[in-house]
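Below is one structure, written out as structure tokens; comments come after it.
Every number here is computed from the coordinates shown, using simple stated rules; none is lab data. What you are looking at is a predicted structure, and each value in this text was computed from that prediction instead of being measured. All Cβ positions, glycine included, derive from the backbone under ideal geometry; neighbour counts span all protein chains shown.
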Amino acid sequence: MELLVASAIGLLTAAGIYLILRLRTFPVILGLSLITYAVNVFLFASGRLTIGAPPVLMDDVTRYTDPLPQALVLTAIVISFGMTAVVVMIALGAFLGADDDAVDDGPDEQATETEDAV
């Protein structure tokens, strides 16, 4: 089970990094979301993967799951939702302002555009 979760974390991270390196805003937003999911799964798995155990210490219970990673993941989900909403609004504003969703035009392309305009 640990190998499966570790492989899923690695796959999500690799796909997220690949998408972040794209030159369009929508894949960058998807890449940030995938990396956020990978971090959430990593935080959740850091509290031991225990199935069927209660999350808090009760009477006559010897095995329980750690509730701290669950609280951290819940907080991270809320923060990532807010971050994604802000990034989408910035990307939408940039697209509507420039009619292009390229992340970085580069200095050469900008120089030729200003020379063509003059």
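Before moving on, here are some points about what is shown:
- Projected label points at LEU74 and ARG22, each 7 Å from Cα along the beta carbon direction, are separated by 3.4 nanometres.
- Taking PHE44, PHE26, PHE81 in turn, the Gaussian network model of the chain (Cα-Cα springs below 10 Å) assigns the largest fluctuation to PHE81.
- Among ILE17, PRO69, VAL39 - extreme Cα towards positive end, dipole of the range 2-117, charges at beta-carbon: PRO69
- What you get for the chain, charging only the Cβ of Lys and Arg (+1) and of Asp and Glu (-1), is a dipole of about 900 debye around the Cα centre.
- Structure-derived Rg/Rh (Cα atoms, Kirkwood Rh): which label, when the choices are (i) 1.22; (ii) 1.16; (iii) 0.94: (i)
- Here r is the Cβ-Cβ distance between LEU49 and ALA94 and R0 is 35 Å; the resulting FRET efficiency, rounded to 0.05, is 0.30.
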